[in-house]
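Participant: Before we start, here is the structure in question, set down as structure tokens.
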Amino acid sequence: MKKRLILLVTLTLLITSVLSGCGESKPSINVYNWGEYINTDVLEIFEEETGIRVIYDTYATNEDLYVKMKQGGSSYDVVFPSDYMIERMISEDLLSEIDLNNIPMIKGVDERFLNLDYDLKNLYSVPYMWGTVGIIYNTSMIDRELTSWADLWDEEFAGEIIMLNSQRDTLAVALKKLHYSMNTRSIEELEEARDELIKQKPIVYAYLGDEVKDVMIGGEASIAVVWSGDAAAMIEEDSDLKYVIPEEGTNLWFDAMVVPKNAENKEAAEQFINFMTRPDIAAMNAEYIGYSSPIPEAIELLPEEVQNSEVAYPSNEKLENTEIFMDPKDIIGEYDRIWTEITSAQ
Amino acid sequence: MVNKNLKRFYAILVFIFLYAPIIVLIIYSFNDSKLRGSWNGFTLKWYYELFKNKEALRALYYTLIIALSSSIISTVLGTFAAIGIHGMRGLNKKVILNLNYLPVLNPDIVTAVALMALFRLAHINFGLFSLLLAHITFSVPYVILSILPKLKQMNVYLAEAAMDLGATPFYSLRKIIIPQILPGIITGALLAFTLSIDDFVISFFTTGHGISNLSIYIYSMARKGINPIINALSTLMFIFMIVLLLIINYRSEKTEKLIEERR
């Protein structure tokens, strides 16, 4: 018994000493990114090149990230929010301005993706990945070409359609079908979109999130609204699938790198952002993740078939009608109400 | 006869219900595809990639560190608390017992947000230490609850008899009380261990940069799809738990036999 007690005590002491005794000799930065959203090999390359240790964590949604940044008590040096969240963070003064002199690689970023609505003068963010929302369909099950959001309301496809279980994205589909802006601030337009979605509900197979990939590959349904990155992953598995950007226009989304106001090591954070924007590193990430890189030189380093893919790198004219999500700010409650009315409708 | 078959059938049904998800997960850990919908052939690549993936291994490491240390510390705290509560009488005992029930009944999210607010107020940095404190906090009541019944079963006069015969209080605690409530202590420790591995909500709100346990790590994959290395990792953990259970059962059988022989 005594021996065991001693063993127990030493074990506890050992563990707690491991807990507290992490050496802080090397400089380090805290990076907080989406799960599965980086090729982790690049972190090792960064450590080797700069001697700065990367402490890496992951999150699942923009809202999780927002909670963590508001919570305080622990600070991050580089985080990767999406467009509308960057806008909200800027307006709540959560971000610190980036000194672009420290990020020479930004000149490699396609001009189309700089100075966008969420960060008009590009003071706070450097784009990391981008993509679109579109329709994927199984050409072996659907005989005609789908070209527009309105096709999703066609009775012919009853029971074959999967919509996204995501408030903004799904409302955007209906708003775009009605040729309204997806950032509309008019309650009537939103309610019209709501009625469209409720009208569509009887022919919808399901509202899904990430599981949509399995359902489409399994052939359970033949049409789905998806993000371009997921579409690329699905087409890789099943070449019968085809991705289209509907003609009414769609959502263009961005995830960008920003530095929070309470970052402890801003200089190293900028070094990291510059590193991530370097073409060879950006190419490694784009290849691993399958989403689209905003850096032309990086795209050139990707395999031929990815470069020419209409899914990841659509031509300019396809992107003409696209919109970027804006933060709904004061009417966010209306969005929630309307979304609840859609999901609870019979 | 029919009745017996019916019983057996029912038992099998229950076990299928319990184990089917785990079996599917184990099968898919050998599937040569990133997606769950299709079977593309047998592969060991997810196991290989698991051991290459630093992030996953680090999450596993923190999960185990936190589970081990929080279960040991909360077991020690809980054991003494249980002995103390057992010795109390009257209203005091009732009040303390009910105070102990409250955290068990409280929804996790309330505990999580409360702990987060407390740590901020106390200027404790969010990280391994705050995570450990949180896990100890929610484990202790469970340990106390699993030890108290054992104390009730114990013969109260044994410890007193030992002290009459010259044992110091601490000696009688070690030699008389603890051995008798040991099954309760072990149950409590195991419970604390699994609770700590299970927990997502409280961990999410009380951890800081650099420290993610497995549940946080897996949850964060939600947008891009769960990487199949998680299937491989879960399979390994499941096998580890089975082996552990077998060893514990084998050993307790051996000691039972020894006791019988002595009689």
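Participant: Quick check on this structure: which one of A:ILE295, A:ILE273, A:ILE299 is under 26 Å from A:SER75 (Cβ atoms) and assigned by TED's automatic domain parsing to the domain that holds A:GLN71?
Facilitator: Answer to the check: A:ILE273.
Participant: Let me ask something additional. Considering the range A:195-215 alone, what residues qualify as being closer than 30 Å to B:ASN227 by Cα and in a helix (DSSP H, G or I)?
Facilitator: A:VAL212, A:LYS213, A:ASP214, A:VAL215
Participant: While we're here: So for the range B:87-110 (the condition being of a type in the set (A, V, I, L, M) and within 14 Å of chain A (Cβ to nearest Cβ)), does at least one residue qualify?
Facilitator: The answer is yes; a qualifying residue exists.
Participant: In the range B:116-144, how many residues are assigned to a helix (DSSP H, G or I) and either crowded, with 20+ Cβ neighbours inside 10 Å or under 14 Å from the mean Cα position of the chain (by Cα) (or both)?
Facilitator: Selection size over the range B:116-144: 17.
Participant: Same structure again: Mind checking which residues of the range B:45-82 are loosely packed, with under 14 Cβ neighbours inside 10 Å and over 25 Å from B:ARG223 (Cα atoms)?
Facilitator: Once the filter is applied, which keeps residues that are loosely packed, with under 14 Cβ neighbours inside 10 Å and over 25 Å from B:ARG223 (Cα atoms), the range B:45-82 yields only B:PHE80.
Per-residue answers, yes or no, for (1) away from chain B (no Cβ under 11 Å); (2) modelled with pLDDT under 90:
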residue: A:ARG4; (1), (2): no, yes
residue: A:VAL9; (1), (2): no, yes
residue: A:ILE15; (1), (2): no, yes
residue: A:ILE29; (1), (2): no, no
residue: A:GLY73; (1), (2): no, yes
residue: A:PRO81; (1), (2): yes, no
residue: A:ARG88; (1), (2): yes, no
residue: A:SER91; (1), (2): yes, no
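Yes/no per residue for (1) within 13 Å of another protein chain (Cβ to nearest Cβ); (2) crowded, with 22+ Cβ neighbours inside 10 Å; (3) outside any strand (DSSP E or B):
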{"site": "A:VAL226", "(1), (2), (3)": "yes, yes, no"}
{"site": "A:ILE235", "(1), (2), (3)": "yes, no, yes"}
{"site": "A:GLU247", "(1), (2), (3)": "no, no, yes"}
{"site": "A:PHE254", "(1), (2), (3)": "no, yes, no"}
{"site": "A:ALA263", "(1), (2), (3)": "yes, no, yes"}
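Participant: Still on this structure, please answer the following. Name the residue that is surrounded by the most Cβ atoms within 10 Å (Cβ to Cβ), counting only residues in the range A:98-117 that are without any contact (Cβ under 8 Å) to a residue 60 or more places away in the chain and over 23 Å from A:THR322 (Cα atoms).
Facilitator: Going through the qualifying residues, I end up with A:LEU100.
Participant: Moving to a separate point now. Only one of B:LEU57, B:LEU35, B:LEU50 is touching a residue at least 60 places away in the same chain (Cβ under 8 Å), within 14 Å of chain A (Cβ to nearest Cβ) and either of a type in the set (Phe, Trp, Tyr) or in a helix (DSSP H, G or I) (or both). Can you tell me which?
Facilitator: B:LEU50 is the lone residue from the list that is touching a residue at least 60 places away in the same chain (Cβ under 8 Å), within 14 Å of chain A (Cβ to nearest Cβ) and either of a type in the set (Phe, Trp, Tyr) or in a helix (DSSP H, G or I) (or both).
Participant: Now for a separate question. A:SER186 - would you say it is out of contact with any strand residue (DSSP E or B) (no Cβ under 6 Å at 6 or more places or on another chain) and within 26 Å of A:PRO294 (Cα to Cα)?
Facilitator: For A:SER186, the condition - out of contact with any strand residue (DSSP E or B) (no Cβ under 6 Å at 6 or more places or on another chain) and within 26 Å of A:PRO294 (Cα to Cα) - is not met.
Participant: Is it fair to say A:ILE187 is buried (at least 22 other Cβ atoms within 10 Å of the Cβ) and on the phi < 0 side of the Ramachandran plot?
Facilitator: So A:ILE187 does not fit the description; no.
Participant: Here is a follow-up. Against the condition touching a Ser or Thr at 6+ places or on another chain (Cβ under 7 Å) and either at pLDDT 95 or above or part of a strand (DSSP E or B) (or both), how does A:VAL311 come out, does it pass?
Facilitator: No; evaluated as a whole, the condition is false for this residue.
Participant: Just one of A:VAL244, A:VAL226 is in contact (Cβ under 8 Å) with a residue 12 or more places away in the chain and closer than 11 Å to A:GLY131 by Cβ; which is it?
Facilitator: The match here is A:VAL226.
Participant: Considering only the range B:221-251, how many residues are within 28 Å of A:VAL212 (Cβ to Cβ), among the β-branched types (Val, Ile, Thr) and in a helix (DSSP H, G or I)?
Facilitator: 3
Participant: Return yes when B:LEU173 is within 14 Å of chain A (Cβ to nearest Cβ) and part of a helix (DSSP H, G or I) and no when it is not.
Facilitator: For B:LEU173, the condition - within 14 Å of chain A (Cβ to nearest Cβ) and part of a helix (DSSP H, G or I) - is met.
Participant: I've got another one for you. Take the residues of the range B:202-215 that are of a type outside the set (A, V, I, L, M) and outside any loop (DSSP other than H, G, I, E, B): which is surrounded by the fewest Cβ atoms within 10 Å (Cβ to Cβ)?
Facilitator: Only one residue fits best here, namely B:SER215.
Participant: Okay, moving on. From (1) farther than 26 Å from A:THR61 by Cα; (2) in contact with a helix residue (DSSP H, G or I) (Cβ under 9 Å, 6 or more places away or on another chain), pick out the condition that doesn't hold for A:HIS179.
Facilitator: Condition (2) is where A:HIS179 drops out.
Participant: Separate question: Out of A:ASP64, A:ASP57, report the one residue that is part of a strand (DSSP E or B), within 12 Å of chain B (Cβ to nearest Cβ) and not small (Gly, Ala, Ser).
Facilitator: A:ASP57
Participant: Residue by residue through the range A:294-325, note down the ones that are surrounded by fewer than 19 Cβ atoms within 10 Å (Cβ to Cβ) and under 20 Å from A:MET257 (Cβ atoms).
Facilitator: A:PRO296, A:GLU297, A:LEU301, A:ILE324, listed by residue number.
Participant: If you don't mind, another one. Report, by residue number, each residue of the range B:171-204 that is of a type in the set (D, E, K, R) and without any contact (Cβ under 8 Å) to a residue 60 or more places away in the chain.
Facilitator: Those that are of a type in the set (D, E, K, R) and without any contact (Cβ under 8 Å) to a residue 60 or more places away in the chain: B:ARG174, B:LYS175, B:ASP198.
Participant: Sticking with this one: For the condition within 14 Å of chain A (Cβ to nearest Cβ), surrounded by 15 or more Cβ atoms within 10 Å (Cβ to Cβ), part of a helix (DSSP H, G or I) and at pLDDT 90 or above, what is the one hit in B:ILE147, B:ILE218, B:ILE181, B:ILE197?
Facilitator: B:ILE181
Participant: Condition test on A:GLY51, is it small (Gly, Ala, Ser) and either at pLDDT below 90 or in contact with a Ser or Thr (Cβ under 7 Å, 6 or more places away or on another chain) (or both)?
Facilitator: no
The values are calculated or read from the model by the stated rules, or taken from the named source; none is laboratory data. Because the structure is a prediction, the values reported are computed rather than measured. Note: ideal-geometry Cβ built from the backbone for every residue, glycine included; neighbour counts use all protein chains shown.
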